């Protein structure tokens, strides 16, 4: 009997140890092996992008009126999902993370559904939650960051079959594979609260370069971009942290509130600085200020930061979280003109059923990628067509007596679509309100605004 009690005690003890270790996510990193000079911190004068309310203001329908194409994502029982929380564009597929269903869905570029990764759980091939996703081109794997377990799960990008697990032991905001075994980690706000997040003692920077070593662990190669006190207030809420730049680099947009950093084989340096004018926040406020004052400004919408940032060959698109009156949050900066243009959240809610100018989820070439919800498109289509039919009935054929009512309807609807650029109304005829979202690709046309 004593042996049974002892055995039961040991089982309970070991079980509790496992639970605590899993909660804390701690293991010892060898920070003495840092290769300080492998990626140099370069200090260059960054280009300035003005988001100060004084930049030329435009209407989104002027710049986004042409060059629009649509890709409806196939809707089946298996492919139906709730929301695009993370989006990756590869050479042949779209990879989408939907946190509401805790799954990753893969579609071909024509919108056809390929497969779904739905491995919720705590098993060796599973994940409990999706914090972030990446695509490792060298390994051809879709990689899912599970912060609840401090791991990255890897699945074959062509089949969704489990491949391997990378054991981090600490939490991340975002990551991107650099090659087969090397990673760029953005730690962000998770780095600076060891009691809550169980982070590794000694990490003092927000950007880490690491490589995979034996037993699926990681070794930190170098650290960059020292933490500025209290900035976690900003990057807790940021929707984006890493994106690909146009110079074979990666852009980090959430280290401080106004600077976009570039990481490449050449090193790490500030690439762009966003000039918020009178709304600019000095670093002294964070380094020496009262956290209560910082939180007060944040609650009032007076702490601007680049929530979304994309760089293409020809232009830069940024969405700044700035709610102060008279400040425009969406900015397009034309590299060739060296000029920025700003516009507000909703200039025309008819435009692509309200998909534009809400924040894009990515870009392809020089086209930004937006999301149109089918229900919005169907509702707008019904609103326009019902109103048009009522107007034609009231007109009683006087405007176009040579046409039948149906011919007049088709004529005026097509004219309305062409004149206003609302091509999605043609697409809406064949959509169901409960279908998967439609990807909208639109290339900004600066010819309409060059003279402003």
Length gain on complete extension for the stretch residue 434 to residue 298, per 0.36 nm per residue less the alpha carbon to alpha carbon distance?
45.3 nm
Could you please state, rounded to a whole Å, how far the C-alpha centre of the range 231-277 is from the C-alpha centre of the range 58-123?
25 Å
Label point distance in nm, residue 382-residue 205, each placed 7 Å from Cα along Cα→Cβ:
5.6 nm
Multiply the residue gap between residue 358 and residue 217 by 0.36 nm, knock off their C-alpha separation, and tell me the result in nm, one decimal place.
46.8 nm
Added length on full extension, which subtracts the Cα-Cα distance from 0.36 nm per residue, residue 92 to residue 313:
77.5 nm
Residue 137/residue 407 FRET efficiency (R0 45 Å; Cβ-Cβ; nearest 0.05)
0.25
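Sorting check: for 93-104, 290-301, which peptide has the highest mean count of neighbouring beta carbons within 10 Å, and how do the rest follow? Can you show the working numbers first?
Details: 93-104: 19.2, 290-301: 12.8.
So the peptides 93-104, 290-301, ranked by packing, come out 93-104, 290-301.
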Taking 7 Å along the Cα-to-C-beta vector as the label spot, tell me the residue 338-residue 161 distance in nanometres, rounded to one decimal.
5.5 nm
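Ranked from highest to lowest mean number of other Cβ atoms within 10 Å per residue, what is the order of the peptides 139-147, 411-419?
Values: 139-147: 21.2, 411-419: 13.2.
Top to bottom by mean Cβ count within 10 Å: 139-147, 411-419.
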Mean separation of Cα contacts under 8 Å (at least 6 apart) over the residue count of the range 91-152, i.e. the relative contact order in percent, is 21 percent
Label zone at residue 66, where the point sits 7 Å out along the Cα-to-Cβ direction: the range 396-427 residues whose backbone N lies under 14 Å:
419-421
Take the alpha carbon atoms of the range 146-171, find their center, do the same for the range 411-441, and report the distance between the two centers in whole angstrom.
39 Å
If I take every Cα pair under 8 Å that is 6 or more residues apart in the range 335-452, average their sequence separation and divide by the length, what percent do I get for the relative contact order?
35 percent
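Suppose R0 equals 25 Å. What FRET efficiency, 1/(1 + (r/R0)^6) with r the Cβ-Cβ distance, do residue 393 and residue 420 give to the nearest 0.05?
On the way: r = 22 Å, r/R0 = 0.89.
For R0 = 25 Å, the calculated efficiency reads 0.65.
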Between rounded, prolate and oblate, where does the range 349-452 land on the alpha carbon gyration tensor, with a ≥ b ≥ c its root eigenvalues, rounded for a/c under 1.5, else prolate if a/b exceeds b/c?
oblate
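Bear in mind that the values in this text are calculations on the coordinates, not laboratory data. In this text, all values refer to a predicted model and were calculated from it rather than measured experimentally. Glycine gets a Cβ as well: all are built from the backbone with ideal geometry, and neighbour counts include every protein chain shown.
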